[in-house]
Amino acid sequence: MSDNSWGQLKDSLQHCTCCTLYQKATQVVGGEGRKDSPVIFVGEQPGDQEDLAGRPFVGPAGKVFDEILASLEWPREEIYLTNAVKHFKYQMRGRRRIHQTPDVEEVDSCRIWLKAEWRLLRPRLTVALGATAVLSLTGKKQTLSSLRGRILMLKDVAPFIVTYHPSYVLRQPTEEGREKAYHAIQSDLKMAKDFLEKSE
Ligand code: URA
């Protein structure tokens with residue numbers, strides 16, 4: 001798809017007022033990566049650091065994601081990475097901005113942007129990082145454990161792989177839990193990489 005279409009999408013996204021999240025966010029955070037990538041990774045929404053930097057996955061969850069990609073020798077420059085919701089949703093606690101999960105209406109309102117990215121990219125594989133991405137891509141709230149670990153052939157988003165959000169690793173209270181979550185995501189992403197290599 002032409003650079004112009006991507007440029008038009010970027011321009012339109014800057015003016016998004018589809019829900020109220022733009023009012024408190026510093027800026028909109030669109031996707032980034034190769035515009036001819038065979039794969040799209042979809043996260044939840046920008047966090048505190050992404051909101052300030054204007055780029056997806058540059059904070060702590062992004063570091064986990066980068067580490068897993070690196071362990072699979074999968075350069076981030078080769079993928080396209082975006083979020084289901086393009087503005088940071090948070091509440092103030094003291095001077096800190098604390099992440100809040102976007103609600104169904106916010107995910108629904110923001111879906112037009114994800115659809116536009118998806119249509120321009122036409123990926124061979126879609127990977128959902130976490131439940132909000134699954135909600136955006138399928139329109140349904142579903143448990144990750146019922147979906148992950150295999151390649152799904154859904155009507156509108158096939159082939160489709162679901163894995164945990166990288167922040168799930170950081171939320172585990174024990175080292176053992178962190179390792180287990182890390183290896184679960186790593187194994188799902190390896191499946192994604194193998195799938196792309198086999199279907200080239
Ligand atoms: N979490 C996400 O889902 N996306 C980001 O860009 C950062 C954190």
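The values are calculated or read from the model by the stated rules, or taken from the named source; none is laboratory data. Please read these numbers as outputs of a predicted model, since none were measured by experiment. Reconstructed Cβ throughout: ideal geometry from the backbone, glycine too, with neighbour counts over all protein chains shown. What goes into the accessible areas is simple: the full protein's heavy atoms, side chains included, and nothing from ligands, DNA or RNA. Shrake-Rupley method; radii C 1.70, N 1.55, O 1.52, S 1.80 Å.
Note on Thr20: accessible area is roughly 90 Å² with a 1.4 Å probe, heavy atoms of protein only. Expressed as a whole percent, the accessible surface of the chain that belongs to carbon and sulfur atoms is 50, based on a 1.4 Å probe. Each residue, Asp48 and Arg124, gets one label point 7 Å from its Cα in the Cβ direction; the gap between the two is 4.0 nm. Over the residues of the chain, the helix contribution to mean residue ellipticity at 222 nm works out to -13000 deg cm²/dmol, using -39500 (n - 2.57) for each DSSP H run of at least 4. A Stokes-Einstein calculation at 25 °C with viscosity 0.890 mPa s, built on the Kirkwood radius of the stretch 20-130 over Cα pairs, returns a diffusion coefficient of 170 µm²/s.
Show me 117-125, 69-77 ranked by packing, highest mean number of other Cβ atoms within 10 Å first.
117-125, 69-77
Relative to a virtual label point 7 Å from the Cα of Gln23 in the Cα→beta-carbon direction, which members of the stretch 73-91 show backbone nitrogen distances below 15 Å? It comes to 88-91, nothing else. Residue pairs exceeding 24 angstrom between C-alpha atoms, taken from Lys155/Lys193; Lys115/Lys155; Lys115/Lys141; Lys63/Lys180; Lys141/Lys193; Lys86/Lys180: Lys141/Lys193; Lys86/Lys180. Let's test the formula: R0 of 25 Å, r as the Cβ-Cβ distance of Gln14 and Asp36. What FRET efficiency results, to the nearest 0.05? Efficiency, from the Cβ-Cβ distance: 0.60. Which shape class applies to the stretch 86-183: rounded if a/c is under 1.5, otherwise prolate when a/b exceeds b/c and oblate if not, where a ≥ b ≥ c are the square roots of the Cα gyration tensor eigenvalues? Oblate, because a/c is 1.5 or more while a/b does not exceed b/c. Taking a ≥ b ≥ c as the square roots of the Cα gyration tensor eigenvalues, the stretch 1-62 comes out oblate, since a/c reaches at least 1.5 and a/b does not exceed b/c.
Where both bridge residues fall in the chain, DSSP classifies roughly 35% of the beta bridges as antiparallel.
Summarising the label geometry, the points placed 7 Å from Cα in the beta-carbon direction at Arg96 and Thr143 lie 3.0 nm from one another. Would you mind classifying the stretch 126-200 by shape? Square roots of the alpha carbon gyration tensor eigenvalues, ordered a ≥ b ≥ c; an a/c under 1.5 is rounded, otherwise it is prolate if a/b is larger than b/c and oblate if not. Oblate shape, in that a/c is at least 1.5 and b/c is the bigger or equal ratio. Computed over protein heavy atoms with a 1.4 Å probe, the accessible surface of the chain works out to 52 Å² per residue. In order along the stretch 42-52, the phi-based Karplus estimate (6.51 cos²θ - 1.76 cosθ + 1.60, θ = phi - 60°) of 3J(HN,Hα) comes to 10, x, 8, 7, x, x, 3, 6, 5, 4, 7 Hz; Gly and Pro are listed as x. The gain in end-to-end length when the Ala158 to Lys190 segment is fully stretched comes to 9.8 nm, 0.36 nm per residue minus the alpha carbon separation.
A straight Cα-to-Cα reach below 16 Å connects Lys140 with the aspartates and glutamates Glu44, Asp103, Glu105, Glu106, Asp108, Asp156, residues fewer than 8 places away in its own chain not being considered.
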